[in-house]
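Only one structure is covered here, and it is reproduced in the block below.
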Amino acid sequence: MSTIVECRGVAKRYRQGALSVDALRGLDLQIEEGDFASLAGPSGSGKTTLLNILGGLDRPSAGSVKIAGEDITKLDNNALADLRLKRIGFVFQAYNLIPVLSAVENVEFILQLLGAPPKERRARATEMLEEVALAGLDNRRPAQLSGGQQQRVAVARALASRPAIVLADEPTANLDSKTAEDLISLMSRLNESSGVTFLMATHDQRVIERTRRHIVITDGRIASDERRTRPAS
Amino acid sequence: MLAALAWRNIWRQPHRTALSLASIIVASAVTIFLLALQQGAYGTMEESVLRLLDGFAQAQPGGYADDPDLNKTIAKPETAIARLKEIKAVTVAAPRASTYVILSNGDRSFGSAVFGVDPSAEEKLSTLAGTVKEGRYLGPDDENAAFVGAGLARNLKISTGDKITMLGGARDRSIAADVLTVVGVFSTGSPEIDRQVIEMPLTRFQSDFAMDGGANVVAVGGRSLADIQAVLPALRKAAAEIGLTMRDWTELEPALHDVILLDASFSALLYVSLVVIVVFIILNTLLMSVLERTREFGMLMAIGMRPNQIGAMIWMELLFLAVVGAVIGVAFGAGLTAWFAGRGIAFPDAEILFRQWNMPSTLYPDLNWRSALAGPTAIMLSIVFAGVIPYLRVRGLEPVSAMRAV
Ligand SMILES: Nc1ncnc2c1ncn2[C@@H]1O[C@H](COP(=O)(O)OP(=O)(O)O)[C@@H](O)[C@H]1O
Ligand SMILES: [Mg+2]
C-alpha cells in the first residue's frame, strides 16, 4: 500500500483586511491508497480548507503537501490545474455539473480536457455512467436529473480520469437520507471494486458509519484518526 | 467541445442573447444603409458636377491648375487626344481653351469666362449641351457662334439670333475682339455657371486669341468616374509622356472634394459612436453573465480546466455573438439597401439645394462590397477585440474565491 496524500505542518491563514483567521494550524495527515475515509468536525473547523489544499485548489500558508509523492506547494497555477485534472476528483455539495452539457457530456468533458480521442471518451463516459447506475440517462441535462442523480454524475466524472484520490466535500448534505444512503453505498462499492481512494468531509453520521477510517478535525488540527477494519453495514 | 459549450452558453439567456444580437444586427444594417446612401450621394454629386463641365480628369500644362493662363498651352492637342484615347476606359477626350472676356450688347457689358470647345467631342463629355433652354447647342459647322448661360443672357438682354461683342486679351498680347451670334441659351440650375459661362467653337477661339492651333486642356470622359479613377496611373503616365500633368477630379473640384471629406469625417464619427455603443452593450451583457457564472467557473477550475481555457470559452461566446449578429446584419442591411437602391430615395425638399450641384433629387444607395461589409466588419472586430476584457477578468479568477461567490 502506497501513500497518496502526505501533509506535514499544514497551516492556512485567511486575511480579510485587518482580520485574520487561522483555518488550519499545523496539520499532519497521511492518506493511504484505497482508504475510504471520512473527515468530520464542527462547521468552521477547516474541513473545506483542507480538502481545497489537498486538491490543489488553494495553497497552504505553511507546511508541505505531497500527492503521490509530488510536493504540490511548489506548482504554478497551470500545473495545479493539470494536477486537479489528472490526479484529483472533486465532488462538491452542489453545483457540480456544467448545466448546458448532458450527463454523458459532463463526464466526457474531463476526458476531452485530458486529450482522449472522441470515440474512446464517449465509450468511457457511457461506461462510467453505467457504473454509477445511470445507464439510459446519458442525454439528460443536469436540470432534468434529481439531486441524487446529479451527485452520481459528479462521482462518475470524478472517477473518469482515474484519479489518485476523490475528495468529496459534504456530498450528501443536499440529499434526503435514502438518496444519501444510496450515494454512500455507491462510493463504498466503487472503493471496494476498483480501489479508488476517497476522502469525504461530512457531518452525516450515516456516512461516517460507512467509512473505514474516521478523521476528526477541530480548530484546524487533527483531533482523532481511527481505523475500523470492518465498516458498519 | 469548448466551442459547443460556448455556443450553448450563449443560449442560456435567450432573451438577453436576442437583445445582444438585435443590437448588432440593427447597427450593422444601419451602417450598411447609411454608408451606401452616403457613397451613392457622393458618387451622384461627383458625377453630376464633373459631367457638367470638367470631365472626370484633365490633361493640363504644368502649373495651369494653380494659374489658368491662356499662355500655358498644349501646342498639339490632337497628339494628346490620340495618346489619351489609347487608354481603354477613356471614351472621349475633348480639347478646350478658355479665358476671361468682356461681353457687350449695346451699353450693357459683363465679364464672362469663354470656353473654346470642339462641339462634337463636347457633346459626349459634358451635359451642358443637354441643358438648352432656347435655341440649340453649338454644331460642328458653327463659326462665330456662342452658347450662352441664361443668367448672362438675361443680364445682356439677349436671346437666340442676337449678336454680342467679345473683347479680351489674346495670347500674343494683342487685343482679341469678335462679334458672336447667340445660337442657344443654357440653364444648368447653377446660378454661377449660368451667369458666367459661354461656349464658342474652338477653331474660332484659336484664331481670335492667337492660339496657333493650341488648347489649354484636354478633358477626359469615361463611362463612369470610377472607370476613370481606376486608370488614373495610366492616364498620369500618358500625360507625363507628352509633357502634361493629369489632374484627377479632386484637383479639378477641390471644394467639392473638401465638402465630401468633411461630410465623410462627420459620418465616420457617427459610425464610431454606433460601434462604441454596440460594443458597450454587448460587453456589459457578457460581463454580467460572467459575474453570474463565477461560481460555475470555480467548479470548472476545480475539475481541471485552466483559467485561460475558461477565458477562451468566454471569448468564443463573444465571437459567436459577433459573427452571427454580423452575418444576419449584413443579410438584413444589404437586402434593405438593395431594395432602396432599386427604387431610389426621393428628397423633394432638397431639390433646390441639389440643383446647384446639377444633382437629381432622387438618390440611389450604392451597395457594394465596401458599403456592405465595412460597418459590420468594424462592429465584429471591435466586439472580438473588446473580448480581451472578460478574458483577462476570467483568467485572473482564483478557484477558491470563485467557488465561494454567490
Ligand atoms: N476564503 C476565505 N476567506 C476568509 N476566511 C475563510 C475563507 N475560507 C474559509 N474561511 C474561514 O476559515 C475557517 C474554516 O472554514 P472551512 O474550511 O470552510 O470550514 P468547514 O468546511 O469545516 O466548515 C472558517 O472560520 C471560515 O470562516
Ligand atoms: Mg465546509
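The values are calculated or read from the model by the stated rules, or taken from the named source; none is laboratory data. What you are looking at is a predicted structure, and each value in this text was computed from that prediction instead of being measured. Ideal geometry is used to build each Cβ from the backbone, glycine not excepted, and the neighbour counts take in all protein chains shown. Accessible surface is based on the protein model in full, side chains and every heavy atom, while ligands, DNA and RNA are left aside. Shrake-Rupley method; radii C 1.70, N 1.55, O 1.52, S 1.80 Å.
Things to note:
- Relative contact order, percent, region B:57-247 [alpha-carbon distance under 8 Å, six or more residues apart]: 35 percent
- Residue order for B:257, A:203 - accessible surface, 1.4 angstrom probe, largest first: A:203, B:257
- Of the DSSP H helices in chain B, those whose Cα atoms cover at least 27 Å axially and whose Kyte score averages -1.0 or more: B:14-49, B:254-292, B:307-343
- Most simply put, region A:7-164 has about 100% antiparallel DSSP beta bridges, counting only bridges with both residues inside it.
- Extension gain, residue B:264 back to residue B:82 (0.36 nm per residue minus Cα-Cα distance, nm): 61.8 nm
- For the residues of A:94-101, the average number of beta carbons from a partner chain within 10 Å of their own beta carbon is 5.
- Lysines whose Cα lies under 28 Å from that of residue A:178, excluding same-chain neighbours fewer than 8 positions away: A:47
- List of region A:70-87 residues, accessible area with partners at least 10 Å² below that of the chain alone (1.4 Å probe): A:77, A:78, A:81, A:82, A:84, A:85
- For chain B, the spread of Cα positions along the three principal axes, ordered from largest to smallest, is 99, 46, 29 Å.
- DSSP beta bridge pairing in the protein assembly as shown, given as percent antiparallel to the nearest 5: 70 percent
- Taking max minus min of the alpha-carbon positions on each principal axis, region B:264-406 gives extents of 71, 24, 21 Å, largest first.
- Computed label-point distance, nm, for sites residue B:369 and residue B:352 using a 7 Å Cα→Cβ extension: 4.4 nm
- Dipole of the protein assembly as shown [Lys/Arg +1, Asp/Glu -1 at C-beta], most positive-end residue of B:224, A:220, B:39: A:220
- When B:324, A:196 are compared by accessible area of protein heavy atoms, the largest-first order is B:324, A:196, using a 1.4 Å probe.
- Hydrodynamic radius (Kirkwood) for the protein assembly as shown, which is based on Cα pairs only, to one decimal in Å: 31.6 Å
- Cα-Cα separations in region A:133-173 greater than 17 Å, expressed as whole percent: 33 percent
- Chain B, relative contact order [Cα under 8 Å, separation at least 6], %: 27 percent
- Gain upon complete extension [residue B:113, residue B:165; 0.36 nm per residue less C-alpha separation]: 17.3 nm
- Using the Cβ-Cβ distance between residue B:385 and residue A:127 with R0 set to 51 Å, the FRET efficiency from 1/(1 + (r/R0)^6) comes to roughly 0.70.
- Length gained on full extension, residue A:120 to residue A:68, computed as 0.36 nm times the residue gap minus the Cα-Cα distance: 16.1 nm.
- Residues of region B:294-316 that bury at least 40 Å² of accessible area once all protein chains are present, compared with their chain alone (1.4 Å probe, heavy atoms only, ligands and nucleic acids left out), are B:295, B:299, B:302, B:303, B:304, B:306.
- Chain B contacts chain A over a buried accessible area of about 2200 Å², both sides summed; the probe is 1.4 Å and only protein chains count.
- The listed peptides A:65-71, A:11-17, B:364-370, ordered by packing as a protection proxy, come out as B:364-370, A:65-71, A:11-17 (highest mean of other Cβ atoms within 10 Å first).
- With a Cα cut-off of under 26 Å and a minimum spacing of 8 residues unless on different chains, the lysine pairs in chain B number 15.
- Per-residue SASA entry for residue B:115, accessible area with 1.4 Å probe, Å² rounded to 10: 40 Å²
- At an R0 of 25 angstrom, the distance between the Cβ atoms of residue A:178 and residue A:228 translates into a FRET efficiency of 0.55.
- Solvent exposure of the protein assembly as shown amounts to 45 Å² per residue of accessible area, where only protein heavy atoms count and the probe is 1.4 Å.
- Residue ranking by accessible heavy-atom surface, 1.4 Å probe, largest first, among A:225, A:204, B:212 comes out as B:212, A:225, A:204.
- With a Förster radius of 45 Å applied to the beta-carbon distance between residue A:13 and residue B:284, the computed FRET efficiency rounds to 0.75.
- Counted over all Cα-Cα pairs of chain A, pairs farther apart than 26 Å make up 36 percent.
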